[in-house]
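Below is one structure, written out as structure tokens; the observations come after it.
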Amino acid sequence: ARRHYGNPRFWVYIYLANRDKIADPDNVAKGTVVTIPSRETYDIDPDNPESVKKAEREATRIRNGQKSS
């Protein structure tokens, strides 16, 4: 996420795009090939504090087992 989006907090969008391959976002199996969604897909902007907060809220929902909004 840091390399592709400029902020590691955007990991959540890589997970969402690859839920079918990743059972646990905190433990991705070595060798897993993932899709990196475009910034536009999730409105990713590392320079916008609201964009970062949105990613953090989504990560909290995922870690708490709630459905994505």
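The values are calculated or read from the model by the stated rules, or taken from the named source; none is laboratory data. Bear in mind the structure is a predicted one, so any value in this text is a computation, not a measurement. So basically every Cβ, Gly included, is an ideal-geometry build from the backbone, and we count neighbours across all protein chains shown. When the accessible area is computed, the model is the full protein with side chains, heavy atoms only, and any ligands, DNA or RNA have been set aside. Shrake-Rupley method; radii C 1.70, N 1.55, O 1.52, S 1.80 Å.
Can you give me the % of accessible surface on the chain that is carbon or sulfur? Probe 1.4 Å, all protein chains present, nothing else counted.
Of all accessible area on the chain, carbon and sulfur atoms account for 45 percent.
Please name whichever of Y13, T32, P49 sits farthest to the positive end of the charge dipole of the chain, dipole taken about the Cα centre and charges placed at Cβ: Lys and Arg +1, Asp and Glu -1.
T32
Let me check something: with ligands and nucleic acids excluded, how do V52, V28 order by accessible area (1.4 Å probe), largest to smallest?
Largest to smallest exposure gives the sequence V28, V52.
Under 18 Å from a point placed 7 Å out from the Cα of R61 along the Cα-to-Cβ direction: which residues of the stretch 1-23 have their backbone N that close?
The answer is 9-20, whose backbone nitrogens lie closer than 18 Å to the label point.
Taking trypsin sites (Lys or Arg not before Pro) that fall in a DSSP loop and have at most 10 other Cβ atoms within 10 Å as cut points, what is the longest piece of the chain between them?
Excluding the exposed sites themselves, the longest stretch runs over 31-66.
Sequence gap at least 6, Cα distance under 8 Å: using those rules, report the relative contact order of the chain to the nearest whole percent.
Dividing the mean separation by the residue count of the chain yields 31 percent.
So if I place +1 on the C-beta of Lys and Arg and -1 on the C-beta of Asp and Glu, and nothing else carries charge, what would the dipole magnitude of the chain be about its Cα centre? I want it in debye, nearest 20.
Once rounded to the nearest 20, the dipole reads 220 debye.
Express the accessible area of the chain per residue in Å², computed with a 1.4 Å probe while the remaining protein chains stay in the model.
71
How many nm is it between the label spots at R19 and S38, if each spot is 7 Å from the Cα in line with the beta carbon?
2.2
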